[in-house]
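Right, one structure below, let's go through it.
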Amino acid sequence: MTIAIQSAARIFALLTWVVLIALTSACKGIFGIGDSTDQSPTEASQPYVTLSMIMPGDESARMREFVDNELNARLKQDLNIKLELTYIPWADYQSKVELALSTGESYDLFWYGTAFVSDYKTKGYIQPLDTLLQTYGQALTANIPADNFKQYEMDGSLWAIPSQAFTSAGKFTSVMVRQDLLESVGMKSIRTIADLEAFYTKMHERDPSYYGYLENDRGQDVLWRELSDQPLTFLDENQMFAVNEDTGELVDYLESDLYKKVAQVRKRWVDIGVIDKRLAGNKAANIDQEDAGKLLFRVGAVSRAMENLQTVQNAEPGAKLREYYLAPDKPKYIVAPSNEAYMIPTKALHPERAMQFMNWILQSEEHYNFIIYGVEGKDYRIENDKIHLLTNDQFMYEWMWRNKNYFMPTTNVDDSVVEDMLHNDDNARISNIFGFHFNQEPVKKEYAKVLAVYNEKFLPINLGIVGYDQAFPGSMEALKKAGYDKVWGEFKRQYADFRAAQTSRADREESK
């Protein structure tokens with residue numbers, strides 16, 4: 001009898017111990033005790049999926065290896081996803097992205113510049129993100145200022161994630177130069193158009209293998225700082241209209257004396273060789289020459305001197321870059337706090353996971369450094385609050401996600417360049433067109449025709465390949481026939497509505 005009682009007691013104790021272990025395990029599952037993955041229950045329970053993302057440029061060998069191994073292993077653990085990147089060369093990026101969007105290919109995420117958000121929203125290519133951001137984007141809203149999101153709000157909804165949160169005044173109105181080559185010909189800085197021309201002439205006399213300037217899609221407003229006595233900002237990506245920042249009035253740029261002055265400078269650049277007309281307008285050639293270290297200057301972008309340094313130093317290890325503003329004492333304007341826009345296509349198969357992935361990048365400095373620089377100790381190490389690169393291969397583009405809360409410069413960038421970036425917005429002003437988006441829908445047929453004529457007739461003038469006096473009258477006549485005046489009228493109407501809404505909002509704020 002005693003033996004039976006003892007056996008029963010041992011069995012009861014064993015069963016009690018098993019139940020206790022089961023309850024403890026259940027508590028871990030419910031309350032996250034002992035969980036090392038930092039996953040929410042929702043994320044942990046989601047099925048394993050492939051997230052398809054489009055990126056511009058060319059994928060480096062180490063980036064391919066990193067995605068296939070370390071990154072996807074980490075994303076599987078944290079988000080239960082596999083990232084699949086499709087790279088499109090810069091020269092083909094716009095056309096191929098739009099083809100993918102218009103044909104309904106099932107990509108989940110892609111990047112582009114601010115100017116394309118309104119257009120893609122109008123065309124139905126992208127989906128609103130408010131609910132997704134609210135549900136899955138806590139780290140995004142914690143690390144990106146609320147005003148940055150406002151630039152992508154249209155018709156009461158959010159259409160893109162402004163992934164960069166950094167200084168942005170005067171973006172695309174500076175000029176980036178090969179500082180090492182500038183100093184090698186006895187010059188220290190750039191302040192005028194004459195300085196740029198002198199830099200080219202001195203370098204060309206010493207080594208004619210270098211090119212001056214090859215871009216055609218930007219750069220006119222770089223020259224405005226010197227050539228115009230009024231502060232102007234482009235109203236549209238296609239550079240036909242502008243706003244006078246002093247008066248708030250719109251300007252028909254193409255029919256202004258300023259356009260003639262810019263065209264004359266560009267024609268002179270062709271005549272003296274600053275622009276090589278054999279390569280002018282060829283985006284691929286422009287990129288190739290810069291990557292080969294053969295471009296003397298190009299349009300800046302606040303931090304392009306840091307962004308492009310790694311690539312240029314792969315070609316010429318001693319290369320240095322720096323950005324300058326012509327007429328540097330004139331004010332700079334903030335048109336948009338971020339030019340980087342991540343969008344989720346309407347046909348995305350996994351929009352929730354796309355938002356979770358973007359949110360994951362900004363969840364911590366460790367995540368941020370991991371996806372931008374790779375594996376610490378293998379691809380980079382931190383030295384005195386700077387990133388020391390151990391590989392020359394690109395990972396995720398740092399400029400796409402540059403964030404003031406996590407930013408560290410790389411050790412190969414001069415401190416003076418970092419100071420330029422950090423203080424770029426000092427005394428900057430908010431542009432009159434901050435938050436303005438042009439809706440092409442009311443004039444989409446005319447706008448398409450106008451852009452076709454503009455690209456055919458005006459780009460050669462912009463580049464200086466044909467002279468203003470020779471080509472402008474016929475080109476302007478063709479533009480008018482295509483519907484230019486109607487498009488210009490619609491710009492003015494929408495801008496007037498925008499300004500009225502801004503005034504009304506300001507009045508409401510004052511009355512509170």
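The values are calculated or read from the model by the stated rules, or taken from the named source; none is laboratory data. The model shown is predicted, which means the values in this text are computed figures rather than measured ones. With ideal geometry, Cβ positions are generated from the backbone for all residues, glycine too; neighbour counts draw on all protein chains shown. Just the protein is used for accessible areas: all its heavy atoms, side chains included, with ligands, DNA and RNA removed. Shrake-Rupley method; radii C 1.70, N 1.55, O 1.52, S 1.80 Å.
Remarks
- Taken about its Cα centre, the chain carries a charge dipole of roughly 640 debye when the Cβ of each Lys and Arg holds +1 and the Cβ of each Asp and Glu holds -1.
- Rg over Rh for the chain works out to 1.06, both radii taken from alpha-carbon positions and Rh defined as the Kirkwood radius.
- Between E376 and T192, the FRET efficiency estimated from the beta carbon spacing at R0 = 41 angstrom works out to 0.40.
- Between helix 444-453 and the chain: long-axis angle, C-alpha atoms, 0 to 90°, nearest 10: 60
- Checking every one of the trypsin sites (Lys or Arg not before Pro) in the range 226-290 against DSSP loop status and a limit of 16 other Cβ atoms within 10 Å picks out K277, R278.
- The lysines within cross-link reach of K332, meaning a Cα-to-Cα straight distance under 24 Å and a gap of 8 or more places when in the same chain, are K150, K171, K188, K260, K261, K404, K492.
- Total formal charge among the other residues, if their Cβ is under 14 angstrom from that of K486, Lys/Arg +1 and Asp/Glu -1: +2
- Carbon and sulfur %, accessible surface of the chain computed with the full protein complex present, 1.4 Å: 51
- With Cα atoms, 0 to 90° folded angle of helix 351-361 axis to the chain main axis: 90
- Gained length - E365 relative to S184, 0.36 nm times residue gap less alpha-carbon distance: 61.3 nm
- Residues in the range 40-144 average 43 Å² of solvent-accessible surface per residue, probe 1.4 Å, ligands and nucleic acids excluded.
- Gyration tensor verdict on the range 398-512 (Cα atoms; rounded if a/c is under 1.5, prolate if a/b is larger than b/c, oblate otherwise): oblate
- Based on DSSP H segments of at least four residues, each scored -39500 (n - 2.57), the chain has a per-residue ellipticity at 222 nm of -13500 deg cm²/dmol.
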